[in-house]
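The values are calculated or read from the model by the stated rules, or taken from the named source; none is laboratory data. It should be emphasised that the depicted structure is a prediction, and the values quoted were computed from it without experimental measurement. So basically every Cβ, Gly included, is an ideal-geometry build from the backbone, and we count neighbours across all protein chains shown.
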Amino acid sequence: MKKLLPTSTAGSLPKPSWLAQPEKLWSPWKLQDEELIEGKQDALKVSLAEQQQAGIDIVSDGEQTRQHFVTTFIEHLDGVDFENRQVMKIRNRYEASVPSVVGEVSRQKPVFVDDAKFLRRHTDQPIKWALPGPMTMIDTLYDGHYKSREKLAWEFAKILNQEAKELEAAGVDIIQFDEPAFNVFFDEVNDWGIAALEKAIEGLKCETAVHICYGYGIKANTDWKKTLGTEWRQYEEIFPKLQKSSIDIVSLECQNSHVPMELIELIRGKKVMVGAIDVATNTIETPEQVAETLRKALQFVDADKLYPCTNCGMAPLSRHVARGKLSALSAGAEIVRRELLAK
Ligand SMILES: [Zn+2]
């Protein structure tokens, strides 16, 4: 029988201090060349072991081989100039210096496939691999070539599809696309964002997920959250269309967020990765708090489709806090699993 309530994380986990400065998002590498390659692989093994010790069911690489969840992927593509930078607003929220699209974008060789094979060799558990989503990719770039957000997203979707097919062949069980931009550009999501996502998963036989969150616990995001009011209904704008899409799993932020849980009803039929761990605080949830969030979610998602998860990545947290949160997630899921099996 398939395990009920399989646990996983949204993606990133803290890096060891010998690889990159801890508790800092997107911090630069401390190693170089061959040492860096080996260091990333060692960190991946440590990250995997920590997930396993905490009892996480669907494991990941903890994003140990990437500095940034979007740009590390884009750095491997042709057509983007990282020297020629422009200042842009990211997700209508904060200004950042971003690379420029200067020609046709293309992928000459696989980006994460060797890393995924490495992870596959080290565990028999189901593995999940995260890629940036097409809409979130275009939102982190200045486009001086296509001059159309939709066209650029479509080109990236084709590239993501090539990468995803090779990740599937490498033995990845779930491919997840990170689309925090889905929480901001509702009209575009409905016009072409979901279509671009479906292009990225075209022809895949493994499971597919989309992670839509309110971002890491960094200041620009917490400030933005303060402007959203007491009820966050952003998901409501895009869930009806997402429910009809071919994506298998939707990953959401539910712990300590102001998202009304009943919005999950709008994607009934999909598997839901319910964020039961807040990544914007160092306070470690108790197993009972996790269980309570999962029980609430069970009103709107069938038990066999509920996947307990974290709200977002945990890269900016200390390793101690992240370990505690992973253990709480497992223990909380186990409480509810027992309740379900006792029925
Ligand atoms: Zn996230």
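Couple of notes before you dig in:
- Of all residues in region 1-41, those being assigned to a helix (DSSP H, G or I) and exposed (fewer than 14 other Cβ atoms within 10 Å of the Cβ) number 5.
- Tabulated pairs, region 139-165, first free of Cβ contacts under 8 Å to residues at least 40 places away in the same chain, second in a strand (DSSP E or B), C-beta under 8 angstrom, 6+ apart or interchain: 149/143
- Verdict on residue 171 being at pLDDT 95 or above, away from the ligand (no atom under 13 Å from the Cβ) and part of a loop (DSSP other than H, G, I, E, B): yes
- Close Cβ contacts (under 8 Å, 6 or more residues apart or on different chains) running from residues in region 266-279 that are buried (at least 24 other Cβ atoms within 10 Å of the Cβ) to residues that are among the acidic types (Asp, Glu) comprise 275/253; 276/285; 277/285.
- Identity of the residue in region 208-229, part of a loop (DSSP other than H, G, I, E, B) and within 12 Å of the ligand (Cβ to nearest atom), that ends up surrounded by the fewest Cβ atoms within 10 Å (Cβ to Cβ): 218
- The residue list 112, 185 contains one member that is more than 21 Å from residue 239 (Cα to Cα) and touching a residue at least 40 places away in the same chain (Cβ under 8 Å), which is 112.
- Of 251, 245, all but one fail to be surrounded by 17 or more Cβ atoms within 10 Å (Cβ to Cβ), touching a residue at least 60 places away in the same chain (Cβ under 8 Å) and of a type in the set (S, T, N, Q); the exception is 251.
- Members of region 304-320 found to be surrounded by fewer than 18 Cβ atoms within 10 Å (Cβ to Cβ) and out of contact with any Lys or Arg (no Cβ under 8 Å at 6 or more places or on another chain), listed by number: 318, 320
- Test for residue 159: is it buried (at least 19 other Cβ atoms within 10 Å of the Cβ), farther than 28 Å from residue 308 by Cβ and under 19 Å from the mean Cα position of the chain (by Cα): yes
- Residue within region 243-260 that is over 30 Å from residue 161 (Cα atoms) and in a helix (DSSP H, G or I) present: no
- In the set (1) of a type in the set (A, V, I, L, M, F, W, C); (2) in a loop (DSSP other than H, G, I, E, B); (3) at pLDDT 95 or above; (4) within 16 Å of the ligand (Cβ to nearest atom), residue 272 fails one condition alone, (2).
- A search for C-beta distances below 6 Å between a residue of region 203-231 that is over 13 Å from residue 312 (Cβ atoms) and any residue that is hydroxyl-bearing (Ser, Thr, Tyr) and within 16 Å of the ligand (Cβ to nearest atom), counting only pairs 6+ apart in sequence or on different chains, returns 209/251; 220/94.
Yes/no per residue for (1) more than 29 Å from residue 207 (Cβ to Cβ); (2) modelled with pLDDT of 95 or more; (3) in contact with a strand residue (DSSP E or B) (Cβ under 9 Å, 6 or more places away or on another chain):
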{"residue": "63", "(1), (2), (3)": "no, yes, yes"}
{"residue": "82", "(1), (2), (3)": "yes, no, yes"}
{"residue": "85", "(1), (2), (3)": "yes, no, yes"}
{"residue": "88", "(1), (2), (3)": "yes, no, yes"}
{"residue": "92", "(1), (2), (3)": "yes, no, no"}
{"residue": "99", "(1), (2), (3)": "yes, no, yes"}
{"residue": "102", "(1), (2), (3)": "yes, yes, yes"}
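- Qualifying residue in region 171-183 (condition: touching a His at 6+ places or on another chain (Cβ under 8 Å), more than 23 Å from residue 88 (Cα to Cα) and polar (S, T, N, Q)): yes
- Single condition residue 286 does not satisfy, out of (1) at pLDDT 95 or above; (2) within 20 Å of the chain's Cα centre (by Cα); (3) among the hydroxyl-bearing types (Ser, Thr, Tyr): (2)
- Considering residues of region 174-188 that are within 16 Å of the ligand (Cβ to nearest atom) and in a helix (DSSP H, G or I) only, the residue farthest from residue 163 (Cα to Cα): 183
- Sole residue being under 25 Å from residue 233 (Cα atoms) and in contact with a helix residue (DSSP H, G or I) (Cβ under 7 Å, 6 or more places away or on another chain), chosen from 328, 276: 276
- In region 281-303, the residues that are surrounded by fewer than 18 Cβ atoms within 10 Å (Cβ to Cβ) and of a type in the set (Ser, Thr, Tyr): 281, 283, 286
- Complete set of residues in region 1-16 that are more than 16 Å from the ligand (Cβ to nearest atom) and in contact (Cβ under 8 Å) with a residue 12 or more places away in the chain: 2, 3, 4, 5, 6, 7, 15, 16
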